[in-house]
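The values are calculated or read from the model by the stated rules, or taken from the named source; none is laboratory data. The model shown is predicted, which means the values in this text are computed figures rather than measured ones. When we count neighbours, we look across all protein chains shown, and the Cβ atoms used for this are built from the backbone with ideal geometry, even at glycine. The accessibility values were calculated without ligands, DNA or RNA, using every heavy atom of the protein model including side chains. Shrake-Rupley method; radii C 1.70, N 1.55, O 1.52, S 1.80 Å.
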Amino acid sequence: MAVAPSSSNASSAHGARAQLQPPTAFLPPWGWATLLLFLLLICVAAPVLALAVPHGSNLHLSQYWVALAGKILCYAMVALAMDMVWGYAGILSLGHGLFFALGGYAMGMYLNRAMTAASGNLPDFMQFMQWTHFPWYWQGTEHFAYALFLALAVPGLLAFVFGFFAFRSRIKGVYFSIITQALTYAAMLLFFRNETGFGGNNGLTDFKVLLGFPVGTMAMSVALFVASGVALAGMFLFARWLVRSKFGRVLTAIRDAESRVMFCGYDPLWFKLGVWTASAVMCGLAGALYAPQVGIINPSEMSPANSIEIAIWTAIGGRGTLIGPIVGAVLVNASKSWLTVAMPEAWLYLLGGLFIVVTLFAPYGIVGLWRQWRLRHG
Amino acid sequence: MRRPGLVLRTLLGLTLLAVVHAAYALTPQEALAIAGGDTDSRIAALRQAVQHPDPQLATFLHKLLNDEVQIDGGMVQVQQGNDWINLATGQAVTPSANAEGVVNNNYVRKQLESARAALDLFSPSRAARLKAVRQMQDDPASVDRGLVEQALKIERDPEIRKRLQLLHAAVLLTSPDAAERLAAAKELAASNYPAVRTLLLSRLDHSDGQHTEIDPTVRAQIEKSLAAIDERLAWSERLGTLFSGISLGSILLLAALGLAVTYGLMGVINMAQGEFIMLGAYATYVMQGLFQRYLPAEVHYSLLAAVPFSFLVAGGVGMLVERTIIRRLYGRPLETLLATWGISLVLIQAVRSLFGPQNVQVDNPPWMSGGLHVMANLILPYNRMVIIAFTALVLLAMGLLIARTRLGLFVRAVTQNRAMASCVGVRTARVDMLAFGLGTGIAGLAGCALTQIGNVSPEMGTGYIVDCFMVVVLGGVGQLTGTVAAALGLGVVNTLLEGVAGAVLAKIAVLIAIILFIQKRPQGMFALKGRSVET
């Protein structure tokens with residue numbers, strides 16, 4: 001939260017003005033306090049309000065709100081992951097929805113297997129396809145630990161391979177954005193096919209059991225919500241550590257002047273690839289937490305529109321800061337949940353307008369505006 | 001050329017009607033045999049009657065098919081308006097209580113219909129005869145030999161004659177005379193009809209241990225003819241694939257041309273390009289509505305009026321967007337990308353609010369429907385051909401505009417060196433606006449063309465944006481030749497793969513191939529050689 005707002009654009013004049021912060025404390029005291037408050041809210045206040053306060057009370061937190069908040073926390077993780085590549089490395093990905101969805105699918109596979117083990121019924125899509133056996137790549141997904149491993153490893157591996165070839169050929173800027181979009185589009189088409197073995201159009205759904213506990217109960221919603229909150233806090237600390245490390249400094253340097261970094265003797269490939277892969281793994285974890293909370297994972301999560309929306313959460317909150325994307329994701333998704341019910345017509349106007357207004361007038365987002373205001377007023 | 005045939009036909013008609021009326025007209029006995037009795041005897045009577053084509057028979061068959069015939073005590077009565085007429089006397093009668101309407105089962109109905117079609121072989125209208133012979137070619141097994149021979153005697157139109165001869169050969173294939181069968185098999189090698197192929201195959205059948213065709217020489221000839229037909233059919237299939245590939249490529253090209261201007265020449269990432277296509281399509285829809293309202297007689301030509309209109313609408317909105325938004329973002333490609341995505345959302349929602357979220361219907365004008373029969377299994381639809389020609393025209397116009405006009409010169413100058421162009425007095429801001437208007441206007445033209453082959457809905461543009469970018473990126477930024485080659489190449493490759501692997505896998509394969517290709521040649525197929533500084 002003490003990172004200077006700096007430019008993402010190598011060619012602009014901002015790059016020259018960006019200054020490296022002298023090494024300061026990992027987090028300022030008020031930063032630690034905010035983090036603690038956040039964890040208290042998530043781990044103590046919310047469970048008490050949801051589970052201990054009786055139903056009729058005004059203070060009672062209904063399951064709808066718990067599930068919604070949990071979902072938004074997952075989006076915040078994705079936005080944070082996006083910010084690490086876009087805000088700190090200058091790589092705009094239009095395919096982060098793919099990594100998120102892959103994590104969700106890995107968890108969905110486990111949840112389907114658990115449902116089959118508990119009830120003896122095969123998932124709907126297999127009955128529809130008249131399959132009696134799970135395809136070979138479902139092997140082992142009945143173990144939670146393996147599914148969780150897949151949720152992290154598959155996006156990570158895909159990002160590593162894709163990133164290796166892309167960064168090695170020094171594809172960057174808009175070209176990179178567009179091929180990431182093509183990648184997620186191709187994946188969406190692939191997952192839409194029934195023969196791919198992931199439920200086609202409908203995706204994976206009908207989740208009943210998670211680690212032996214029934215899904216859909218208040219207790220489960222609260223547990224997943226707490227897990228999401230803790231994961232988000234953990235990711236934030238990880239990201240903070242990463243961008244302050246030497247690795248992170250080089251990354252920022254690459255963002256601002258890649259050629260100069262190369263002339264200094266660094267190979268940008270491994271720096272970019274490292275943050276790119278880490279970001280994909282974070283998205284995978286977010287997806288794995290997301291699937292059981294919304295009860296379904298389907299290929300529309302991979303649509304190019306979803307991925308580009310992730311970029312706007314980050315842009316609105318403020319890229320190049322770590323708190324910004326979290327604020328952006330929470331604000332945009334909360335207003336989306338409200339507006340799509342209250343004024344469904346207005347939502348696309350608002351979202352489209354946000355895209356335009358933020359890029360035109362607030363390139364560093366809400367956090368950037370806040371910093372400007374603070375500079376001006378003391 | 002046609003005159004002798006016409007005279008002959010008229011003569012024959014007259015003869016049938018007047019002179020030999022007693023001998024050839026449909027007798028009451030024949031009519032009764034066709035209308036009543038069991039199915040087999042009715043069919044036999046029908047076959048018999050068809051040997052003497054006669055307008056009365058045609059009317060009678062027509063009435064039978066319309067359920068306007070009844071039998072009353074051995075007398076056939078047909079309905080005329082509200083009255084019943086006795087077929088034998090031609091007098092109006094009052095049907096008795098035990099009059100029974102003639103009921104046709106499906107088999108009889110089918111036979112009646114094909115008999116009626118056969119009678120059309122003697123119609124004075126060429127179109128009716130052609131239609132009849134085409135219909136009979138689809139099912140040569142149920143065609144009557146005598147009728148075809150009779151028609152052959154008087155037919156003078158070369159195309160119909162050729163078809164009739166083939167049809168005759170197809171009928172002869174089941175003749176009891178082996179020599180006739182051999183000749184027929186030889187003649188049928190020239191046929192392109194899938195139905196003939198099926199017929200030949202059925203003659204080769206020996207599933208019950210016995211050859212349908214007993215004569216081995218005829219069998220050999222049939223096999224030879226089949227091979228000849230198969231080869232020709234395979235060729236026309238290949239031609240058909242190539243055509244659909246070029247057609248798909250031309251659509252891609254049309255959609256991507258606008259992007260080639262805005263992205264290729266100006267460096268603006270316009271994610272709303274698909275929505276400008278959509279605007280063009282809706283402009284076409286609006287133009288059709290205006291014609292329906294004010295010029296209903298000329299409604300078929302609304303599409304022509306829509307061409308400039310869609311260009312102006314999409315181009316106008318484009319210039320407005322450039323003036324208000326894009327202008328502030330030059331040199332910040334990633335931000336442009338996000339802002340134009342926002343524009344696309346607003347445009348989608350605006351059109352949804354104005355026209356409703358469902359598809360709207362843009363009609364195909366009659367002069368664009370139908371197709372050119374190249375071969376029996378190869379029809380080139382006119383609308384696809386028109387779109388290919390339209391794409392070529394747009395491409396030509398744009399090429400000339402960029403290469404030969406003052407505006408084109410300015411656009412190229414600003415693209416190459418903005419500062420220098422500005423120094424020598426080019427009003428760069430105005431050039432930017434016009435170039436963006438040109439790019440979006442061409443997208444509007446694409447939308448106008450796409451109304452003829454796809455759905456028109458607020459979301460129709462989103463499907464094109466990924467493809468368009470692929471085309472531009474593959475072709476090389478700023479390269480019109482590259483864009484053309486990339487679009488046509490992608491179209492053909494996609495169509496070929498579709499035949500092998502299905503539409504979805506083909507698309508995935510193409511996308512992955514492009515991703516791999518960009519690894520190798522990040523500047524596209526037709527990259528400019530030079531030492532431009534990286535940005």
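Here are a few things to note about the model shown:
- Taking a ≥ b ≥ c as the square roots of the eigenvalues of the Cα gyration tensor, the protein assembly as shown is classed as prolate, since a/c reaches at least 1.5 and a/b is larger than b/c.
- Candidates A:130, A:139, A:293: whichever shows maximal mean-square fluctuation once chain A is modelled as a Gaussian network with Cα springs under 10 Å: A:130
- What chain B shows is 48 Å² of accessible area per residue, with the surface traced by a 1.4 Å probe over protein heavy atoms.
- Charged-residue dipole, Cβ positions (Lys, Arg, Asp, Glu), chain B about Cα centre, Debye nearest 20: 2880 debye
- Percent RCO, i.e. relative contact order, over chain B, from Cα pairs under 8 Å lying at least 6 residues apart: 16 percent
- Axis angle, to the nearest 10 degrees, between helix A:323-342 and the longest C-alpha principal axis of chain A: 50 degrees.
- Computed from backbone phi with θ = phi - 60° and the Karplus coefficients 6.51, -1.76 and 1.60, the 3J(HN,Hα) list for the range A:305-316 is 4, 4, 5, 6, 5, 4, 4, 6, 4, 5, 5, 5 Hz; x is used for glycine and proline.
- Note on chain A: with a GNM built from Cα contacts shorter than 10 Å, the maximum mean-square fluctuation among A:75, A:146, A:364 falls on A:146.
- Estimated distance in nm for a label pair at residue A:51 and residue A:360, the labels positioned 7 Å out from Cα along Cα-to-Cβ: 5.0 nm
- Proximal lysines relative to residue B:186, as straight alpha-carbon distance under 16 Å, when same-chain residues fewer than 8 apart are discounted: B:162, B:224
- Within chain B, helices built from complete DSSP H runs that reach 27 Å or longer along their own axis (Cα positions) and carry a mean Kyte-Doolittle hydropathy of 1.6 or higher are B:382-404.
- When the accessible areas of B alone and A alone are added and the area of the pair subtracted, with a 1.4 Å probe, the result is around 3900 Å², both sides summed.
- B:394, A:215, reordered so the largest accessible area comes first (probe 1.4 Å): A:215, B:394
- Less than 5 angstrom separates the built amide H of residue B:371 from those of B:382, all sequence-distant by 5 or more or on a different chain.
- Taking a ≥ b ≥ c as the square roots of the eigenvalues of the alpha-carbon gyration tensor, chain B is classed prolate because a/c is 1.5 or more and a/b outweighs b/c.
- Chain A: most fluctuating residue of A:322, A:35, A:80 per GNM, C-alpha cutoff 10 Å: A:35
- Lys/Arg +1, Asp/Glu -1 at C-beta; the range A:60-302 dipole; positive extreme among A:291, A:281, A:204: A:281
- Amide H contacts under 5 Å for residue A:61, placed H, 5+ residues apart: A:50
- Helices in the protein assembly as shown, meaning DSSP H runs of at least 4 residues, each add -39500 (n - 2.57). Divided by all residues, the mean residue ellipticity at 222 nm is -22000 deg cm²/dmol.
- The shape of the range A:297-359 comes out oblate: with a ≥ b ≥ c from the C-alpha gyration tensor, a/c is at least 1.5 while a/b does not beat b/c.
- Residue B:460 sits with roughly 20 Å² accessible to a 1.4 Å probe, with DNA, RNA and ligands left out of the calculation.
- Residue among A:254, A:221, A:233 farthest towards the positive dipole end of the range A:197-277, charges placed on Cβ: A:254
- With every protein chain in place, the protein assembly as shown: carbon and sulfur % of accessible area (1.4 Å): 64 percent
- The count of lysine pairs in the range A:60-302 that are at least 8 places apart or cross chains, and whose C-alpha atoms lie under 30 Å apart, stands at 5.
- For the range A:232-355: relative contact order, % (alpha-carbon pairs under 8 angstrom, 6 or more apart): 13 percent
- Entry comment: accessible area of the range A:60-302 is 36 Å² per residue, from protein heavy atoms only and a probe of 1.4 Å.
- Hz values of 3J(HN,Hα) by residue in the range A:87-92 - Karplus curve (6.51, -1.76, 1.60), Gly and Pro given as x: x, 9, 10, x, 9, 8
- Remark: the range B:254-463 carries a charge dipole of roughly 700 debye about the Cα centre, counting +1 on each Lys and Arg Cβ and -1 on each Asp and Glu Cβ.
- Rounded accessible area of residue B:62 (nearest 10 Å², 1.4 Å probe): 90 Å²
- Chain A: angle of helix A:63-86 to the longest principal axis, Cα-based, in degrees nearest 10: 40 degrees
- Among the trypsin sites (Lys or Arg not before Pro) found in the range B:337-436, those both in a DSSP coil and sparsely packed, with 14 or fewer other Cβ atoms within 10 Å of their Cβ, are B:427.
- Applied to the range A:164-169, the Karplus parametrisation 6.51 cos²θ - 1.76 cosθ + 1.60 on θ = phi - 60° returns per-residue 3J(HN,Hα) values of 4, 5, 5, 6, 5, 7 Hz, with x for Gly and Pro.
- Distant-in-sequence amide H partners of residue A:210 (H built 1.01 Å from N, under 5 Å): A:215
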